[in-house]
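Here's the structure we're looking at; comments come further down.
The values are calculated or read from the model by the stated rules, or taken from the named source; none is laboratory data. Quick caveat: nothing in here was measured; it's all calculated off a predicted structure. Note that each Cβ is placed from the backbone with ideal geometry, even for glycine, and that neighbours are counted across all protein chains shown.
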Amino acid sequence: MARDADDATPISSRRELVERLESGVKNSGQLRVGTEHEKIAFHKATNGPVDYDNRGIRALIEGLEASLGWTAIEDEGHPIGLYDPQGGGAISIEPGGQFELSGAPLASVHETKRELDAHFDAVAAVAGPLDISFLDLGASPKWSRAETPVMPKQRYRIMADYMPKVGALGLDMMFRTATIQANLDFTSEADMVKKFRAGLALQPVATALFANSPFLDGKPTGALSQRSAIWRDTDAARTGMLPFVFEDGMGFERYVDYALDVPMYFVKRAGVYHDVAGASFHDLLAGRLPQLPGERATASDWANHLSTIFPEVRLKTYLEMRGADGGPPAHILALPALFVGLFYDSSALDAALDLVSDWTAEEREALRAAVPFQALETRIKSRSLREVALDVLALAKDGLRRRALRDASGADESLYLGPLEAIAQSGKPLAAERLDAYNGRWKKSVEPAFEECVLL
């Protein structure tokens with residue numbers, strides 16, 4: 001999320017919270033896709049982490065502000081991001097300096113490619129003179145948590161204090177992982193539920209296909225997606241596969257009830273983040289939050305609270321697919337293509353739901369637990385996840401071909417599925433290839449990753 005909301009409109013009832021989610025309903029001609037990606041910065045001369053100051057992240061943000069003409073986002077006087085005042089994308093920083101583009105909602109994956117190309121061109125022009133480059137991995141391969149920089153954002157200080165109380169690996173999630181995310185629209189409550197269910201069931205498939213984080217602390221971890229393994233021991237109250245989504249009665253109201261029960265992190269007032277970690281949004285809604293007596297919930301409080309909930313699929317006024325490791329540009333484009341193909345074609349969506357219809361909550365959770373380590377070799381219902389992935393990709397490809405949105409060369413959006421089709425055919429995600437390199441030509445060192453696993 002590029003910036004926290006600042007809408008002071010009062011909210012006094014559960015119904016108003018539901019209406020905020022309902023406002024995301026679009027008609028079929030308004031469907032868009034937004035793509036976000038995080039990338040881990042490093043100094044090319046040393047293969048070391050990039051601090052905020054000292055020709056680091058701050059200089060990168062300020063350079064992009066000057067070149068793009070975007071508006072700075074500040075926190076206690078520190079530039080922490082940028083947003084396009086014309087309604088385009090936004091740039092933000094994650095707790096350990098991971099540099100994120102939150103792309104604009106766009107009509108096609110072709111437009112996403114143009115956006116991504118423009119972003120990399122702009123970043124390269126500023127980052128090069130600063131000796132900064134970026135890894136295309138889903139987790140920081142070398143630096144310890146103590147060696148990882150800390151960005152000057154108030155919300156991250158609050159989260160960092162709270163995380164160790166609710167999970168063993170929350171700080172690793174914050175400071176040492178990177179992801180790709182695709183954001184999709186819905187046309188009704190029923191459509192939202194169908195997409196939510198398909199998306200949740202298939203996130204382990206995405207995790208397997210995009211697995212690209214086999215290293216931490218300078219060595220293999222035993223996982224192919226260490227990022228997703230970390231998420232399983234972060235904070236159970238706000239993460240996971242959300243079994244209730246598959247139950248009767250699922251809808252906007254049910255998600256609101258879930259979100260209300262997730263403990264809060266902070267309340268933002270006049271630029272100050274008040275630490276209320278562990279408090280109840282029910283109390284803020286009723287004006288009885290012990291830490292801020294008399295304060296009542298606003299629209300921004302609700303939007304900010306929703307942004308601190310981290311299930312594998314997250315509902316705001318759109319649905320966020322959150323299961324993929326960070327990766328190269330082809331992967332950044334493949335994730336939106338995968339879910340556009342599945343979600344924006346009714347036949348593909350129905351077939352995807354049918355594919356996972358007999359998976360139980362226990363089987364979905366077991367799949368999520370095994371995938372970080374076994375990737376496409378994981379099994380469910382006597383099938384390998386590789387077989388499931390091939391079926392899913394075929395459905396997505398058919399959906400994209402029926403959309404028939406073409407680029408200047410006449411190619412439809414299915415061309416962006418190519419890297420995933422190759423992985424599913426071989427059964428080897430990027431992580432497996434990089435482990436082969438580590439055990440072979442890299443001579444059991446992660447240092448070559450800073451030459452071979454780079455975005456810029």
Applying the selection to region 371-393, what residues are in contact (Cβ under 8 Å) with a residue 12 or more places away in the chain and closer than 18 Å to residue 229 by Cα? 371, 372, 373, 374, 375, 376, 377, 378, 385
Of all residues in region 13-26, which are part of a loop (DSSP other than H, G, I, E, B) and surrounded by 12 or more Cβ atoms within 10 Å (Cβ to Cβ)? 24, 25, 26
Under 7 Å between Cβ atoms, at least 6 apart or on separate chains: pull out the pairs that start in region 272-296 with a residue that is more than 15 Å from residue 14 (Cα to Cα) and end on any residue that is among the basic types (Lys, Arg). 273/155
Looking for something in contact with a Ser or Thr (Cβ under 7 Å, 6 or more places away or on another chain) and at pLDDT 95 or above - is there at least one such residue anywhere in region 239-249? no
What tally of residues in region 27-46 results from selecting those that are under 24 Å from residue 180 (Cα atoms) and either outside any strand (DSSP E or B) or hydrophobic (A, V, I, L, M, F, W, C) (or both)? 8
I want to confirm something. Restricting to region 163-181 and keeping residues that are out of contact with any Asp or Glu (no Cβ under 6 Å at 6 or more places or on another chain) and assigned to a strand (DSSP E or B), which single residue is surrounded by the most Cβ atoms within 10 Å (Cβ to Cβ)? 177
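Here is a yes/no grid of residues against (1) under 27 Å from residue 184 (Cα atoms); (2) free of Cβ contacts under 8 Å to residues at least 40 places away in the same chain:
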{"residue": "48", "(1), (2)": "no, no"}
{"residue": "58", "(1), (2)": "no, yes"}
{"residue": "75", "(1), (2)": "no, no"}
{"residue": "93", "(1), (2)": "yes, no"}
{"residue": "102", "(1), (2)": "yes, no"}
{"residue": "106", "(1), (2)": "yes, no"}
{"residue": "109", "(1), (2)": "yes, no"}
Please count how many residues of region 216-231 are surrounded by fewer than 24 Cβ atoms within 10 Å (Cβ to Cβ) and over 26 Å from residue 393 (Cα atoms). 6
Counting only residues that are farther than 30 Å from residue 47 by Cβ and touching a strand residue (DSSP E or B) at 6+ places or on another chain (Cβ under 9 Å), give me the helices (runs of 4 or more DSSP H) lying completely in region 182-290 with at least 2 of them. 189-209, 252-261
Here is a list of conditions, (1) assigned to a strand (DSSP E or B); (2) charged (D, E, K, R); (3) under 30 Å from residue 446 (Cα atoms), and residue 74 meets all of them except one; can you say which number that is? (3)
Output yes when any residue across region 276-290 is among the hydroxyl-bearing types (Ser, Thr, Tyr) and closer than 30 Å to residue 371 by Cβ, and no when none is. no
